[in-house]
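Structure record follows, encoded as structure tokens.
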Amino acid sequence: MSRAKPIKVLLAKPGLDGHDQGAKVVARALMDAGMEVIYTGLRQTPEAVARIAQQEDVDVIALSSMAGSHLPFCEKLKALLEQAGLSDKLWVIGGNLPKQDHDRLHGLGFKGIFPSSSRLADIVNFIEAHAS
Amino acid sequence: MNDRLDPAARRVVNESGIEIQPLYTQEDVERSGGFGFIGEPGAYPFVRGIHPLMYRHRPYTMRQYTGFGNPEDTNKRFKYLIANGQTGLNVAFDLPTQCGLDSDDTLAQGEVGRVGMAVDTLRDFEIAFADIDLERITVSLTINGAAPQLIAMYLAMAEKRGYDVRKLRGTAQNDILKEFIGRGTWIYPVDPSVKLVGDTIEYCAQQAPKYSPVSVCGYHIRESGADPAQEMAYAFCIAKAYADEAIARGLDVDEFAGRLSFNFNVFGNIFEQVAKFRAGRGLWAKIVKEHFGARKPESGWLRMIAGGGGGGLTFEQPEVNIVRGAYYALIAALAGAQTTALCCYDEAYTIPTEYAQRISLRTMQLLLEEMGLADTVDPLGGSWYVETLTNQMRQRMEQVMAEVDAEGGIKKLVAEGEIQARVSAQAYRMQRAIESGEFRKVGVNCYRVEQTEELQVQMHPYNEDDARRQIAGLNDTRATREASRVGSALRAVREAARDGSNVMPAVVEAVKAYATVGEITQHLVEVYGRYREPVRF
């Protein structure tokens, strides 16, 4: 890989959802693949995610959502990330994401969508291929 | 002998780390500790069951986890399940309620009524349980961070309907230590959180002695990555911490231990699971008798809901989850659970439909009605394999508990995020083992199908209007309640928290005055502060 620095990923748990097993498993997989991971812990607001992403100058903004509130959260987050000048970063989301919502998530700017049952290797490969 | 059977036999180790032999004989039981610890059902140490006749006397209660939208919607689903033969209720609350927020809080936006029923005030409980006979149908509340408020609401609602609270049965989950490990609906820091559990135990022991104020959960620790022996060992460490809290305020162990209940998972290897439950029953009885000095045998009963199994179900080929669920129900029945419930086949996708709930209910019913699971107590008892494994599982659990004690105790390890880090490391190893094919999951890493047909799953619709209706009801309650009574009740809650006395009497008064879940939380937060998660993984 030609990157001088490792890919820096913000991995956030949006909203009130407390299911963090998946996020932590993905965090470990990204670290094992040589990435730097900032994991936020639970209960992040859209404002907090945008602020940390900007402060930490991350390459990738990743969300893990298991409790169904991904669309309203991502709508708010999109506006905040754009305001913060983070439109060029790679936005990805994983979790319990019904197929019927994938088009809307793509439309909001989430390039990678990883519903339950996604493989760790696929997540890692996608981020390596698309992070700028 | 093993070599003679099959020199090329692969080494088989169960999830709890115990090596499994191709054949067991009486010698294996003797080597593992013998039959000495097993005893008879209904007698100490209760390995074979807490009652002499078990399901002959009373079959397991069937208690599907249910709740969504508004109290009106949930009341309808409750009635549907009861009409279909369900014998208990297990209530799911939405995340704002679980996190102690009102439905109109900005942090609740988009989450009201989504993963469970929204509750703001006593009025919501009055609607949710309308027309349900609370003596015939016992109710389990899956609530943790906001447990003081919701226990208070349940008691107040029952009292208003004319039930004698001193005879009222029911359960609250109210296991906050496991919320820090998995599930995540904590509110206050670890110490005041455990103090509140102590308050509910003390209050119920005095005011509602048939009510089970705590259901200690290995379940979610297992879902977060723990192996079956750790699941039970960590739960016992947590139960000991609550018992210590109750004893520290002067309660006798026999005043409350009989009302502690437990919640465990059922996915995994059938024999390992059944041995886990039998071993756990013996170990908990031993702890309560030898460590806490209980004199009443029933203080050491491991009364439990064994069910769920969500962590074992798959997103792939969801209809196969119906079959997995049948085996999980079999495990719960063979294990002698007091109560069972099953995650539904569509639950990896959505809130289950009525149809999916009915399949789960029928699964549990047919074991009792057609398959003979209610006929004989502890049907696997005496199996050389299961008895050996029961001894070995107990030894593994004791070892895990000793390690926790040696490292400073469960409260400290949870506050530091150490248990969380340990189970998440295991979850990662398991995910890697599934992806490499080393740990087999049917439909996931073997026997896969390309899903060309539409999946047989119907998504639960989320109605945006639910939140608006809920907030309108909340505003209506706020406008019609007696404001000065609410204000003084809330001040009393804060004062009780400040002077370290039991907050429950004040919380009950506040709830009766129609104070909201969020208002009570806010007054407790002013004293206790909020938990700051040690972010470790």
TODO: Tell me, rounded to the nearest percent, the portion of alpha carbon pairs in region B:459-537 spaced more than 21 Å apart.
DONE: 45
TODO: Order by neighbour count: A:66, B:371, fewest other Cβ atoms within 10 Å first, most last.
DONE: B:371, A:66
Task: Derived scalar couplings ³J(HN,Hα) [region B:126-136; Karplus, 6.51 cos²θ - 1.76 cosθ + 1.60; whole Hz; x for Gly, Pro] - done: 4, 6, 4, 9, 4, 6, 9, 7, 6, 8, 7
Open item on the list: I need B:219, B:44, B:65, B:355 ordered by Cβ neighbour count within 10 Å, fewest first.
Closed with: B:355, B:44, B:65, B:219
- [ ] Quick one: which residues, 5 or more positions from residue B:170 or on another chain, have an amide H under 5 Å from its amide H? H modelled 1.01 Å from N in the peptide plane, none for Pro or chain starts.
- [x] B:212
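What percent antiparallel are the DSSP beta bridges of the protein assembly as shown, to the nearest 5?
Close to 5 percent.
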Task: Gyration tensor verdict on region A:8-130 (Cα atoms; rounded if a/c is under 1.5, prolate if a/b is larger than b/c, oblate otherwise) - done: rounded
Open item on the list: Averaged across B:348-357, how many Cβ atoms of other chains sit within 10 Å of each residue's Cβ atom?
Closed with: 1
Open item on the list: Set the bar at 25 Å for Cα to Cα. Now go through B:210/B:412; A:5/A:99; B:79/B:167 and name every pair that lies beyond it.
Closed with: B:210/B:412; A:5/A:99
- [ ] Please report, to one decimal in angstroms, the Kirkwood hydrodynamic radius of chain B built from all distinct Cα-Cα pairs.
- [x] 23.9
TODO: Please state, to two decimals, what the Cα-based radius of gyration of region B:1-159 comes to when divided by 2.2 N^0.38 Å (N = residues).
DONE: 1.58
Task: Alpha-carbon centroid distance for the pair region A:66-131 / region B:268-286, whole angstrom - done: 42
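Can you sort B:369, B:15, B:533 by how many other beta carbons sit within 10 Å, fewest first?
Taking fewest neighbouring Cβ atoms as first place, the list is B:369, B:533, B:15.
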Task: Whole-Å distance, taken between Cα centres, linking region B:225-260 and region B:354-387 - done: 28
Task: Test item: B:91-98 mean partner chain Cβ contacts at 10 Å - done: 2
TODO: With only Lys, Arg, Asp and Glu charged, each at its Cβ (+1 for the first two, -1 for the last two), find how big the charge dipole of the protein assembly as shown is about the Cα centre; round to the nearest 20 debye.
DONE: 680
TODO: Partner chain Cβ atoms within 10 Å, averaged over the residues of A:23-31 - can you pull that number for me?
DONE: 5
- [ ] Would you give the gap between the C-alpha center of region B:460-530 and the C-alpha center of region B:403-440, rounded to a whole Å?
- [x] 36
TODO: Would you mind telling me the antiparallel percentage of the DSSP bridges in chain B, rounded to 5?
DONE: 5
- [ ] Indicate the gyration tensor shape class of region B:54-113 (rounded, prolate or oblate), computed on the Cα atoms with a ≥ b ≥ c the square roots of the eigenvalues: a/c under 1.5 is rounded; otherwise a/b larger than b/c is prolate and the rest oblate.
- [x] prolate
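Each reported figure results from applying straightforward, stated rules to the coordinates on display, with no laboratory input. For clarity, every value in this text was computed on a predicted model and none was experimentally measured. Methodologically, a virtual Cβ is constructed for each residue, glycine included, from the backbone with ideal geometry; neighbour enumeration extends over all protein chains shown.
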